[in-house]
Protein chains: 2
Amino acid sequence: MTRGRSGLDALLDPASIAVVGASDDPDKIGGRLLRRLVEYGFAGKVLAINPTREVVQGLPALRDADQLPDGVDLAVVVTAAAAAPAAVAACARRGVRACAVLSSGFGELGAEGERVQRAMVATARAHGMRLLGPNCQGVANLASGAVTSFSSSFVNVTLRDGPLAVVSQSGAVAGMVAALAHGHTGVRFWVATGNEADVTVAELVDGVLDDPGVRVVAAYCEHVTDAPRVAAAADKARRLGKAVLMVKAGATEAGARAAVSHTGALAQPDAVVAAFLRAHGVVRARSLGELSELARLFAGAAPVRGNRVAIVSNSGGLGVMMADAAVAAGLALAELDETTRAGLGAVLPAFAATTNPVDLTGQIVQQPHLLSAVLPVLAADPGVDVVLVALGIVGPTYPVDTIAEDVAAVATEAAGRGVLVTAASVGGRPELAERLTARGVPTFADDAVCVRAVARFAEHCAQRHRPRPSTAPTGDVPLPEAPGGDGFLSEHAGKALMSAWGLPVVAGRLVTDPAAAAAVATATGCDPPLVVKLCSPAALHKTELGAVRLGLGDAAAVERAAAEVLAAGRRAGVEPIEGVLVEAMVAGGVEVAVGGIWDPVFGATVLVGSGGVQVETLRDFQLLVPPLDRADVVAAVRALAVHPLLSGARGAEPLDMDALVELVLRFSGWFAATGGALPEVDLNPVFVLREGVVVADALVRTRETRKGA
Amino acid sequence: MTRGRSGLDALLDPASIAVVGASDDPDKIGGRLLRRLVEYGFAGKVLAINPTREVVQGLPALRDADQLPDGVDLAVVVTAAAAAPAAVAACARRGVRACAVLSSGFGELGAEGERVQRAMVATARAHGMRLLGPNCQGVANLASGAVTSFSSSFVNVTLRDGPLAVVSQSGAVAGMVAALAHGHTGVRFWVATGNEADVTVAELVDGVLDDPGVRVVAAYCEHVTDAPRVAAAADKARRLGKAVLMVKAGATEAGARAAVSHTGALAQPDAVVAAFLRAHGVVRARSLGELSELARLFAGAAPVRGNRVAIVSNSGGLGVMMADAAVAAGLALAELDETTRAGLGAVLPAFAATTNPVDLTGQIVQQPHLLSAVLPVLAADPGVDVVLVALGIVGPTYPVDTIAEDVAAVATEAAGRGVLVTAASVGGRPELAERLTARGVPTFADDAVCVRAVARFAEHCAQRHRPRPSTAPTGDVPLPEAPGGDGFLSEHAGKALMSAWGLPVVAGRLVTDPAAAAAVATATGCDPPLVVKLCSPAALHKTELGAVRLGLGDAAAVERAAAEVLAAGRRAGVEPIEGVLVEAMVAGGVEVAVGGIWDPVFGATVLVGSGGVQVETLRDFQLLVPPLDRADVVAAVRALAVHPLLSGARGAEPLDMDALVELVLRFSGWFAATGGALPEVDLNPVFVLREGVVVADALVRTRETRKGA
């Protein structure tokens, strides 16, 4: 029993396929599969296993999986649930490389099914066999015709091979995505993972990217189980110049509840999911419609060099609407240069403007080649990265073939220079869109959809070309000396830790009695006004406790305040009390919050937002997933509602945003290096000043330290 | 020459049509029109006018328009531009009721064309004839077959009659909208207004609503010229239970620039356009795709009683995605009641959850009637207002006819109770969507699009059922005593005006010298701290001038401050100086801004937003168009980012939002009543306190008073 190829390779591109539960009845699942293999022209070896018949659909049948020859790549199990574990075990014993269990009746039914499912996986793993499913709709490779799925999407139309891979937990969703892609983009792989007892969506996304024929992966999942693998796959895609598109369902609380009831998986905080996917360049779609629209463009377009759009339309109104939509989607309207305007002036009617968007005017009816004359002029403008060909209603006299040929010729030439030519055919004759698509010009039936897809693509290309961040700090991460299990550090200990991470922390001292507090106030380097706060790992809401005194002008006030906050702490039963913090009071500047949350699946997540109470009330924050570079942090800070107050609004002097960015970078580097030892760190407020930033409060949650885990 | 019917009625539903410039060549515009009338079965009288032929397409031709008989409803002029004015004049003389000038070469070419165009309109008006165009693609009535447009949208497919009216400045856009509607919704009227020398989009929207067969108007314009008429039409639609959908292009600055270059019209501030349309219940679409999707639902659905959605799907994943999309779009997921859950439990497989969204599971393959069993149960739940039938990929064995019939039957029954049943068929067999549509169930091919359209429809129905606001103040609006032409009132005069409008203004007095200021400080009712400000209609930016002093504790400080701000004013050359305002300093609360802008087209527009410098920097504001009711203002305040600070965040005591709402209502009532005498009023800051609100600054711009204009 030799196993040459990896199980995943065998699953995705099998040379031999056994159907366990093969049926002579083409309406039964075990019959459908054999028929699909014939219809889709699979040229490899097919083995049918049926305990009661000698011949199934013309193939000699084996009695059971124990009779399989050595080295079968893929066995597909479609028996009743009760018979599946034995079939899986036999396949494993016979050295089958991968087994797809299409049978249902396992984990999705409850604890007992879950147990059986786990046992099947254990058997498979013991023999080095990979297992897809159970309760899944199977896998297909359209290049070889290895279609071992019972999905109707292979029947309603004949799917063709192409640059798209569809990887989905849900078979129904995989079917919908493939169906929506049909007519626009061919499909290389189609996989549904079902219960994901072994093989996951993440692993398959990674796997299909290795096929040189795949340009885009469209993935669907309701729960991300293996974030590092998703990240690795996304990084591979970036290296290879490919794209991963994903619908992660359960984005709202209601949706997440529904997903939980549907799959039994835990809800995942959507803001974290979004930050994680964005950090790794995974393009998120919010609906199947959007997924298919993006797939169409990403599969059909060469990388584009920028986001400056020129629009040419046979309807002035359509041009205006697409200009609106382009700006709203974050694209820039290209400023046409003098050469371009002169070129347009030479071919357009005298009364037509030579500005962007270009209106071909009613003249197009008399001169259908006007478009072909204008297009190369626009595509040659060095300030134009994308040319949107917006065709409204076109009459029966329009030479759609010629137009499609002309557009495709310009598109091909322009693609070589990083310029994208794409089309919207709105309400026009369907054959125009078909001919454009057939010639490789991604074409949309909706004006706004076209523009939004282009915006996402341009954004993706820009991100793809950015170097990967490399700002992680070096050396061992400083961690609390006595973490003391699950709990919180006192403010003093938290600030000491942040100091050790190299963050600027407000000047101050910890003392144990009011007299010592007064002494701090008279020491040099501690100019009034001062602040006095109770210091205890148990005092999380000091303001509410009455354990904070601000604006203290002299030693006497400090001494009095220290006595008061200690008394307030004792009154409230705070235990242990470490003492009193006497600190300089920060004046001026703007309060922000910087924090870290360690997500059980996604790991380090860093927050930057409005500070003070506002982080909770205004919900003005951005999440980032390390590793980060300067541009990531700058973009996040710019996206805050509070940003104008930082950048110097109404003529005020701008604050030190560089220092804030530096603080976030340093913090996120160390926080990521903790490996989860600190579930949560909350620096709030951090004052952004005219020069520098300073951390004025730090709340650090701990659990048992697992250094560098 | 009697004129029985109005010109607009004659234009929209002509009994007799003359084609001036009729051609025997069906490829020429004058030939196409005659052919369209035959193809679309127009049964009224058709008159062909051709100076050189006796017979045109089988019709005896008149030599010129002077030969027209009395009482022709509609003349369509398709001659060269040079011949059009004479033709229009002849039609006017012959008592033609409406004239559509399809010829181009007028205002769109420049000043000379504009002059000729104006002269044509003058001639028409002198004879009581209405004029559509020039430079337009004509008008069509699909009920009578009166198709007098050369648009290809009548040729590419045969448009059928139905409840949609398409009214558009752009003929190309009208064609696209009709083409996108085809297959979903029939079209009663199709009108393109072109240069709008006389008849406008607004007037036509108003006009087509009178036809009992019209349920929805889809309008497109690049410039709103006649806001009162749009408002009147929208109000008519509301009364009649109909809807007006509109794309107003030029929404972004870039789009607006493009629209300006395309139509020569001025850019309109989009936030004002949006507030105006929202105030009048006009449903705004952002693209032609969206317009057509909304038209499909609004034309096919009876009013719905609420926004609580139940989702039933043959794909759990699709159900989750639509639940996500529903919540994101502002719909609520219905909580199914006990009866419903028991009813679902009785028909669903044992392992299926009976929660919303309802997953029919793989069982649907064995039991295609499962959907028919589940649907009436969901539609009968008193907590369900909308049932979304989400059908993913459906196999060849699905009985699409039966499913469509079953869904349609439930939809019809539910519609009578204000419950909407609609469907998304995502990647499924096209015939399923077709059959559902044919049976009157609005059906979408995109999951997110379906949900968004439903959300807009539910919102529209809710607004339609709200009584019209009636909070306008009675009596003459107080206006500045000496408006003094274009300029500003001093802060004192502005506050006095706001007091006269019944708004609470901060306590204070205007004095002319420092000694008098000191006297105010010692008077009763003026407890320190106090504020001193320079008062002048010319001092708009007092803080920047150094002409404001805050937190003055006693009479001496007030006297000193008064001297200083007067000196600062004189130094800066401020002229005239009215004196010094001595006021109580408002403590606590949250600063908001309330303001009014008089738009030249849309009239009174009221702003409420974050106050202080934040209104400019944070851009946290909402615009409202009077008349307003309490619910409008409450919704606007709730939509502000600053709202959590008003409503009592983090356990703080909530502030007096009722008083803020009352202030906005009162302000907007009076501001609307000024009729434009005050181009701008800016109350900033207005302090919202625990009890009450108080206006702390008022900037009032004036122009020559036109009382009650």
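Quick notes on this one:
- In region B:302-412, the alpha-carbon atoms span a convex hull of 96 Å³ per residue.
- Residues in region B:345-382 occluded by at least 40 Å² - accessible area, probe radius 1.4 Å, against chain by itself: B:351
- Positive end of the dipole of region B:536-618 (Cβ unit charges, origin at the Cα centre): among B:597, B:611, B:565, the Cα lying farthest that way belongs to B:565.
- For chain A, the relative contact order comes to 8 percent (Cα pairs under 8 Å, sequence separation of at least 6).
- At least 50 Å² of accessible area lost relative to the chain alone, listed for region B:286-325 with a 1.4 Å probe: B:320, B:321, B:324
- For region B:95-192, the C-alpha radius of gyration divided by 2.2 N^0.38 Å, with N the number of residues, is 1.17.
- Each part reduced to its alpha carbon centroid, region A:9-56 and region A:125-148 end up 12 Å apart.
- Among B:639, B:438, B:586 - extreme Cα towards positive end, dipole of chain B, charges at beta-carbon: B:438
- For region B:619-699, dividing the convex hull volume of the Cα atoms by the residue count gives 96 Å³ per residue.
- Rounded to the nearest 20, the Cβ-based charge dipole of chain A about its Cα centre (Lys and Arg +1, Asp and Glu -1) stands at 1360 debye.
- Interface between chains B and A: roughly 5000 Å² of accessible area buried, both sides summed (probe 1.4 Å, protein heavy atoms only).
- Across the identical copies, the 7 Å label point of residue B:648, projected outward along Cα→Cβ, sits 4.2 nm from its counterparts, in ascending order.
- Overall form of chain A: oblate. Here a/c, set by the Cα gyration tensor axes a ≥ b ≥ c, is 1.5 or more, and a/b is not larger than b/c.
- Positive minus negative residues near residue A:688 (Lys, Arg vs Asp, Glu; Cβ under 11 Å): -3
- Rg ratio (alpha-carbon, reference 2.2 N^0.38 Å) - the protein assembly as shown: 1.04
- For the rotational copies A and B, the chain A residue with its Cβ nearest the relating axis, together with that separation in Å, is A:641, 3.
- Positive-end ranking of B:119, B:678, B:461 along the dipole of chain B, with charges on Cβ about the Cα centre, is headed by B:119.
- Using just its DSSP H runs of length 4 or more, each adding -39500 (n - 2.57), chain B gives a mean residue ellipticity at 222 nm of -11500 deg cm²/dmol after division by all residues.
- Per-copy distances of the residue A:553 label point, shortest first, in nm (7 angstrom along Cα→Cβ): 0.7
- Distance between the C-alpha centres of region A:579-643 and region A:272-320: 30 Å, rounded to the whole angstrom.
- Residue-normalised accessible area of the protein assembly as shown, given per residue in Å² at a 1.4 Å probe: 37 Å²
- Partner lysines whose Cα lies under 18 Å from the Cα of residue A:495, excluding those fewer than 8 positions away in the same chain, are identified as A:533, A:542.
- About the centre of its Cα atoms, region B:1-68 shows a dipole size close to 100 debye [charges on the beta carbon of Lys, Arg (+1) and Asp, Glu (-1) only; nearest 20 debye].
- Kirkwood Rh, Cα atoms: Rg over Rh of region A:454-612: 1.10
- Max-minus-min Cα coordinates of region B:532-635 on each principal axis give 48, 33, 23 Å, with the largest extent listed first.
- Contact order relative to length of region B:308-440, as percent, for alpha carbon pairs under 8 angstrom and 6 or more apart: 28 percent
- Cα centre as origin, Lys/Arg/Asp/Glu Cβ charges: region A:277-324 dipole, Debye: 220 debye
- Compactness relative to 2.2 N^0.38 Å, alpha carbon Rg of region B:157-216: 1.08
- Drop in accessible area of at least 30 Å² in the complex versus isolated chain, residues of region A:136-161, 1.4 Å probe: A:152, A:156
- Label distances, nm, residue B:499 versus same residue in remaining copies, Cβ-directed 7 Å point: 5.7
- Tensor-based shape of region A:396-450 (alpha-carbon gyration tensor, a/c under 1.5 rounded, otherwise prolate or oblate): oblate
- Largest first and in whole Å, the equivalent-ellipsoid semi-axes of region B:16-141 read 22, 16, 13, each the square root of five times a Cα gyration tensor eigenvalue.
- Evaluated over the Cα positions of region B:2-59, the convex hull gives a direction-averaged projected area, one quarter of its surface, of 4.6 nm².
- Fraction of accessible area attributable to carbon and sulfur, the protein assembly as shown (%, probe 1.4 Å): 53 percent
- Cα gyration tensor shape for region A:375-527, rounded if a/c is under 1.5, else prolate or oblate: prolate
- For region B:638-678, the extents of the C-alpha atoms along the principal axes are 44, 18, 12 Å, listed from largest to smallest.
The values are calculated or read from the model by the stated rules, or taken from the named source; none is laboratory data. All figures in this text were calculated on a predicted structure; none of them were measured in a lab. In this analysis, Cβ positions are derived from the backbone assuming ideal geometry, glycine residues included, and neighbour counts consider all displayed protein chains. With ligands, DNA and RNA removed, areas are computed over all heavy atoms of the protein, side chains included. Shrake-Rupley method; radii C 1.70, N 1.55, O 1.52, S 1.80 Å.
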